[in-house]
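Coordinate-derived values only; no laboratory data. This is a predicted model, so every value here is computed, not measured.
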Amino acid sequence: MNLILWLLFGALVGWLASIVMRTDGQQGAVLNIVIGIIGAMIGGFLFGGPTINSSSFNLTALLISFVGAVILLAIVNLVRRGSVR
């Protein structure tokens, strides 16, 4: 059950981050999940708080994971295009 929640919250975080960074039309559901989960790892590393990867599903965990996903998409955009949107 925890795996299903992890995937759902990863998809939600990745989707919201892709909307903010305007890359939503370029990626599908699987890439949103990957962005959400890797972004949560980055957010946890940078801010040291709970993330969706640590089985702590609360607002703080979602916010830290979201910020990490936005940072990840900004880095990807910087590498791909040479500029952050």
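State the label only: which of (i) 19, 14, 12; (ii) 27, 14, 12; (iii) 21, 14, 9 corresponds to semi-axes √(5λ) of the Cα gyration tensor in Å computed from the shown model?
Step by step, semi-axes √(5λ) of the Cα gyration tensor in Å for this structure corresponds to label (iii).
Using the membrane-span-like helix rule (whole DSSP H runs, Cα extent along the own axis of at least 30 Å, mean Kyte-Doolittle hydropathy at least 0.0), which helices of the chain qualify?
What comes out of the filter, once short or polar helices are dropped, is 59-81.
Per 0.36 nm of contour for each residue apart, how much would the distance between ASN58 and ASN2 grow if the chain were fully extended, relative to their Cα-Cα spacing?
Length difference between fully extended and current span is 18.8 nm.
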